[in-house]
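The values are calculated or read from the model by the stated rules, or taken from the named source; none is laboratory data. The model shown is predicted, which means the values in this text are computed figures rather than measured ones. Ideal geometry is used to build each Cβ from the backbone, glycine not excepted, and the neighbour counts take in all protein chains shown. Side chains are part of the model used for accessible areas, which takes the heavy atoms of the whole protein and leaves out ligands, DNA and RNA. Shrake-Rupley method; radii C 1.70, N 1.55, O 1.52, S 1.80 Å.
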Amino acid sequence: MKGCARLAFVALCLFVGIGARASDMNRVVRAVESDLGIRHTHIPMLGPALFMSRVVSGFQMPGVKLTVFEDAGLSDRSPEELQRSVLKALGPEWSAFIKTTCNHGAEQNWIFLREDGKKLQMFIATAERNELSLIELKVSERQMRRWINDTGEMAKTKGKSWSSDD
Amino acid sequence: MKQFGIALLVIVISAMGARAQDFKMPVNLDRLAAKASETTEVTLNGRMLKLAQKFMNDEDDAEARELIKNLKGIYVRSFQFDSVGAYSDADLEAVRSQLKSPAWEKVVNVRSKTDGQNAEIYFKGDNPDRIDGLVIIAADPRELTVVHIDGPLDPSNIEKLGGQFGVPRVEAHPKSKPAKAGAQ
């Protein structure tokens, strides 16, 4: 029994290790925390909630990772500083695709893309005065085609439609 | 040895000339972002365009896929301002100064005195059947958009790119040979 527990512990460590290495989100969160001296906000039950959303949608909804920073220190940072930190952590395989600003620069959105086999991986960063939200998701071919036809609409609706596979 | 030196000089001058023809979104445009209420920046470099083509598999996308097949990049900068006069003609000087003849030719120049809507379209290259690049400056008192399409393109297909990839809709009907600068 003790052996089984040890085996389970090793398997869990391996699983967590592989997951951490594979996730761009983890890398970006660590880089942003280190570069900007802020900590991400813990959202209770976020993981199970996102998983349940996938179950409810019959696993049609793409896998989404979400991290939110709520920190007063963010307002002292320039948008360029935030963008630099995120892009540096993402690495050269990611390309900055769209950047939008609203309310005289008070709200900034960046969309980065990367090819991931037959899917497209998307990383969205939205920065407001004291808040930075990071979203990582894989986009279906159909959704991407729709957005390619209207990149402006993509930037505006990025927060509304990322969870739908339509 | 002297001949080698001359040949080298010719190569260097040619390389400098070729570089001078390239258009780059000027840094001062980014500074306009500070004055703008809303900005949009679309960057589709060669790698991104190739990626986009992979996702354009439908029959409906065939035309657009063919259009972007040989392009090197599509770059869009768009600014919206709260008030009139937030930007000046001088802000566009860094754009226009790169679009000089003989490499570039202004084929459309529309200036409206009534609503202040101005549009300029520049073609790169002197081949009437194929252009090597395109720059559009669309300006009205509260909005400014600069589009740079880098790469070979059939002039008759320009309209088809309008409304896609962040490119505004344009109606350009150049004749077999682009008109000279300042055409109204």
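Entry remark, the stretch A:78-121: residues being closer than 14 Å to A:LEU132 by Cα, crowded, with 19+ Cβ neighbours inside 10 Å, at the interface with chain B (Cβ under 10 Å from one of its Cβ atoms) and not β-branched (Val, Ile, Thr) number 3 in total. Taking the criterion of being surrounded by 11 or more Cβ atoms within 10 Å (Cβ to Cβ) and either at positive phi or modelled with pLDDT under 75 (or both), the residues of the stretch A:33-51 that qualify are A:GLY37, A:LEU46, A:GLY47, A:ALA49, A:LEU50, A:PHE51.
Taking the criterion of being open to solvent by 20 Å² or more (accessible area, probe 1.4 Å) and modelled with pLDDT of 80 or more, the only residue of the stretch A:134-150 that qualifies is A:LYS138. You will find that of B:SER88, B:SER112, the residue that is open to solvent by 50 Å² or more (accessible area, probe 1.4 Å) and over 14 Å from the mean Cα position of the chain (by Cα) is B:SER88 and no other.
Suppose the filter is among the β-branched types (Val, Ile, Thr) and open to solvent by 40 Å² or more (accessible area, probe 1.4 Å); does B:VAL107 pass it?
So B:VAL107 fails the test.
Considering the stretch B:26-56, and only residues there that are at the interface with chain A (Cβ under 7 Å from one of its Cβ atoms) and surrounded by fewer than 16 Cβ atoms within 10 Å (Cβ to Cβ), the residue that is farthest from A:GLU128 (Cα to Cα) turns out to be B:ARG47.
Can you confirm whether the stretch B:43-53 contains a residue that is within 30 Å of A:SER78 (Cβ to Cβ), among the hydroxyl-bearing types (Ser, Thr, Tyr) and under 18 Å from the mean Cα position of the chain (by Cα)? Among the residues of the stretch B:43-53, at least one is within 30 Å of A:SER78 (Cβ to Cβ), among the hydroxyl-bearing types (Ser, Thr, Tyr) and under 18 Å from the mean Cα position of the chain (by Cα), which makes the answer yes. Number of residues in the stretch B:57-68 that are at the interface with chain A (Cβ under 10 Å from one of its Cβ atoms) and open to solvent by 80 Å² or more (accessible area, probe 1.4 Å) equals 2.
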